[in-house]
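The values are calculated or read from the model by the stated rules, or taken from the named source; none is laboratory data. Just so it is clear, the model here is predicted, and its values are computed rather than measured. Every residue, glycine as well, gets a Cβ built from its backbone with ideal geometry; the counts of neighbours run over all protein chains shown. Heads up: the accessible areas ignore ligands, DNA and RNA and are worked out on the full protein's heavy atoms, side chains in. Shrake-Rupley method; radii C 1.70, N 1.55, O 1.52, S 1.80 Å.
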Amino acid sequence: MAVGEKTPTTVRGSPSPPPPPPEDLEEGEVEEVGEICIPLDFPNEKTVSAFGLRGRLCAIMATEASEMEIGNWLRKAVEWSDTTTLKIQEDVCLHLPKLHEFLLQIYETLKHMSTNAAIEKFPFLGQFLGRLCWNRFVIGHAGTRKVLMCCLAHLYSSEPQNAIEIKANSWIKKLVCHLFSSSEQNRNGEMEIIGQLGGSTAEYYDMLLKNIISSLIIQIKRSWSDENKKDVSAEHVHALSVTCLCVLTLPEVAPLLEALLLYYWSGPKEVLDNYFLEALNDAVLRKKIVLSESAVLSLWLRHLPSLEKAVLDLFQRLIALQSKSVKEMEQIIKNSFLLRAACHPSIFRIIDDIFRNALLESDGNFKVSTIIRVFTHSFMKEYDQDNLQPKLPLRAYFPSESPALVLALLRKYEGLPSDACVQHLCTVVKILRNMDKEERTADCVFKSWYLLIHFGEWVDIAAEQLLTSDLEVSDDLLWLLAFYYNPCNENQSTDRTMMEAKSAYRSLVSLFRNSTVCVTSLKKIFQVENKSDEWQACTLQLIRHLCVTFLLCSPEWHNIIKQCISFMTQTQEAASEVSDVLARTLCRLDIPGMESRKIITIAHWLLQDS
């Protein structure tokens, strides 16, 4: 359309004009942007409601935006450059509903594209969005302004890789700052003043954003620290959390996010928006933003679904890891906030409940058991190292389990002589057997077994002591192994496991005393005469555990240990189980003060070769 004659006339009630585009970036200049950043799943049912019914329907039925459509709307945006004429003002208002719908289409398209792909497909996208952000009648509509902010957030690079991405981030920050302040009072003439004072537009916008955030933080802190000074109402805090959805990954916004998370509210409902908490948790898990530990702890205490998602995210990463490096698992756990958060008893119990459900649903899968064991071991180290904060005794983290069994399993095994280890293991077995006799219910058995899994190192020590010491209490240690691998509530099944384990144990002791070393001798242990006598899966796991321990602890067998391991790992499941035992042994023994260098070397070599 032709641009009409310039006139000072404006539409009644229209927003005050925004500051002009920065001098170092001409209005409409095309910018390339880097890696796409997705801070939230938006629009969703809650946030799209801000756009009204038309926005909701458009989000549901949105089709992919095309380059031709962007070109058509860009020409329209160029025509709207001069908003001082009544004719153009009316044209903007007339097209605003359709523009709003089209921006939602762009947003839906950007959600499924990388930034490079978006720039290649829509070369004029930056110019189009930039022109709209500086049109006071376009951004005067709150819903359209929010969609623009979301589109910009998707084009922001949290980790820029080159000069273009750095420049693009700077450009996006300026636009976001402008959109934040677009509803403020008229700022015409401010740029001229800044220029006269020798400042740059980049400095102006950086300082403006920092000042806005700093002011909001002061108001929030004053509100929850002093009940008599309610500078910010709960409704305003909620609205602010919704606004922050669009800019979660901007580093400058992190202090404001922390202030919101630490905001105290005594009302019956959570004051912060649920979608804000979900999106913020997702950004933290994806390393898109870095928050303090206290802020993340507050997030998880405020919003339990976020804690559950964090635990499941960690669990999925650990379960996908090959069972070859417990140290690597420990490092992944340590790098998550969950380890520190678990020092809070309530959070520890929630994490433990999630692990319990995973163990039940996987029917006692050994990978899940190892994850529980490694997490507990890492938690114990974190608990011992955290001497700055007051803390409850460790037994308080297992309130529903037998206090006697908890105290027995909490005892540290490092540095204990062999005799002391055996004596303590007998104490553990005695407690378990007494509980088994007093109340042999499925729930009681499971609680005892699940607690034993947390401290499974004692089971590995029992297997080691069985094969390296002359014991009169071998039945007790075999019972502990049988209970660990088959906690079944049926006496017949338990008795069968014990009988088969005892037979394999006697064969291994015979091999240990025999001077003949050959793979065939080990193979005989796994042979059964009748098909009806084939071992159960749990028995096979137990016997593999004993055989791996025997091979590691018998120097005479080290020359053919690789052939023996190859025989025992002919299936993927068996290979994973053997690798798991080797990795656990390596982690348990590879600590200062443990004289097991030869075993450590052999276990490390086998794991590398597997």
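Annotations for the structure displayed:
- With the whole protein complex present, ILE139 retains an accessible surface near 10 Å², based on a 1.4 Å probe.
- In the context of the full protein assembly, TRP449 retains an accessible surface of approximately 30 Å², using a probe radius of 1.4 Å and ignoring ligands and nucleic acids.
- Accessible-area ranking of LEU94, LEU261, largest first, probe 1.4 Å: LEU94, LEU261
- In region 339-445, the trypsin sites (Lys or Arg not before Pro) that fall in loop regions by DSSP, at most 10 other Cβ within 10 Å: LYS412
- Overall form of region 349-431: oblate. Here a/c, set by the Cα gyration tensor axes a ≥ b ≥ c, is 1.5 or more, and a/b is not larger than b/c.
- SER215 sits with roughly 50 Å² accessible to a 1.4 Å probe, with DNA, RNA and ligands left out of the calculation.
- Gyration tensor verdict on region 244-353 (Cα atoms; rounded if a/c is under 1.5, prolate if a/b is larger than b/c, oblate otherwise): prolate
- Computed over the Cα atoms of region 389-490, the ratio of the radius of gyration to the Kirkwood radius (Rg/Rh) comes to 0.98.
- A 1.4 Å probe run over region 495-562, with the rest of the protein chains in place, finds 53 Å² accessible per residue.
- Kirkwood analysis of region 277-322, using all unique Cα-Cα pairs, places the hydrodynamic radius at 11.0 Å.
- Shape category assigned to region 107-157 from the gyration tensor of Cα positions, a/c cut at 1.5: prolate
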